[in-house]
Amino acid sequence: MDGKRMVKASKYLSMVLRHRPEAAGLSLDPAGWVEVDVLLDALAAARRPLTREELDHVVAANDKKRFAYSADGRRIRASQGHSVPVELGLPDAVPPEVLFHGTATATVPLILARGLRPMGRQDVHLSTDQETALRVGSRHGRPAVLAVDAAGLAATGHAFQVSANGVWLTSAVPARWLRLLPAG
């Protein structure tokens, strides 16, 4: 599978497994899973056919590990980032001392006033390193990176989970737990 086709397939899979399953005639189960055979049939019907081998390649080669197979390999889901209601069933986890969030510089004043909110998604996404946060922020304009006092917030009873691909998830981050990092 060439790189361009793989990127297109990955973007389409993200859309149907995270945001609009109905666009491909799919229904996700409550945990966000869909049978692989059902997905492949739906992709073919939507004129975006993939073989199982190509799907395996998209899942394995995705740099952000956006997709995961069930233990038996018969189901697939997005690892996180859903705007449709799903219950990923991730256990609460103790976060590292500090986590990071990348955003556009233009949104920083609002975030520092109101905190981080999931916006159109189910959870706020946080990373363990500044570089990842910077890459995420650069997708939205001139990037800024916020440090989250995750240990302090967790000590108040606030829950965190970590997805299969290492993205930390939480319902929100109040502004008092945020600090803007210097640019550069």
(1) surrounded by fewer than 16 Cβ atoms within 10 Å (Cβ to Cβ); (2) assigned to a helix (DSSP H, G or I) all hold for D63 apart from (2)
Count of residues meeting criterion [farther than 19 Å from S79 by Cβ, in contact (Cβ under 8 Å) with a residue 60 or more places away in the chain and in a strand (DSSP E or B)] in segment 95-132 | 1
Restricting attention to segment 109-139, report how many residues are surrounded by 13 or more Cβ atoms within 10 Å (Cβ to Cβ), within 19 Å of L153 (Cβ to Cβ) and aliphatic (A, V, I, L, M).
-> 6
E54 being of a type outside the set (A, V, I, L, M) and farther than 30 Å from L180 by Cβ = yes
Go through segment 30-58 residue by residue and tally those that are surrounded by fewer than 17 Cβ atoms within 10 Å (Cβ to Cβ) and under 24 Å from W168 (Cβ atoms).
-> 2
Condition set touching a Phe, Trp or Tyr at 6+ places or on another chain (Cβ under 7 Å) and not basic (K, R), scope segment 66-84, selection surrounded by the most Cβ atoms within 10 Å (Cβ to Cβ): answer is A78
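Rundown of residues vs (1) within 21 Å of G3 (Cβ to Cβ); (2) part of a loop (DSSP other than H, G, I, E, B); (3) assigned by TED's automatic domain parsing to the domain that holds V16, yes/no style:
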position	(1), (2), (3)
A31	no, yes, yes
D41	no, no, yes
L50	yes, yes, yes
V58	yes, no, yes
A68	no, no, yes
P85	no, yes, no
L88	no, yes, no
Pairs returned, first residue in segment 133-162 that is in a loop (DSSP other than H, G, I, E, B), second residue that is among the aromatic types (F, W, Y), beta-carbon separation under 9 angstrom, 6 or more apart or interchain, are T156/W177; H158/W177; F160/W168
Tally the residues that are touching a residue at least 12 places away in the same chain (Cβ under 8 Å), in a helix (DSSP H, G or I) and exposed (fewer than 14 other Cβ atoms within 10 Å of the Cβ), restricting the search to segment 9-29.
-> 1
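Condition check: out of contact with any Ser or Thr (no Cβ under 7 Å at 6 or more places or on another chain), in the same structural domain as A42 (by TED's automatic domain parsing) and either not basic (K, R) or not in a helix (DSSP H, G or I) (or both). Does G73 satisfy that? It would help to see each step written out before you state the result.
Numbers: out of contact with any Ser or Thr (no Cβ under 7 Å at 6 or more places or on another chain): yes; in the same structural domain as A42 (by TED's automatic domain parsing): yes; either not basic (K, R) or not in a helix (DSSP H, G or I) (or both): yes.
Answer is yes for this residue.
The values are calculated or read from the model by the stated rules, or taken from the named source; none is laboratory data. Computed from a prediction, not measured in an experiment: that's the story for all the values here. Cβ atoms come from the backbone with ideal geometry, glycine included; neighbour counts cover every protein chain shown.
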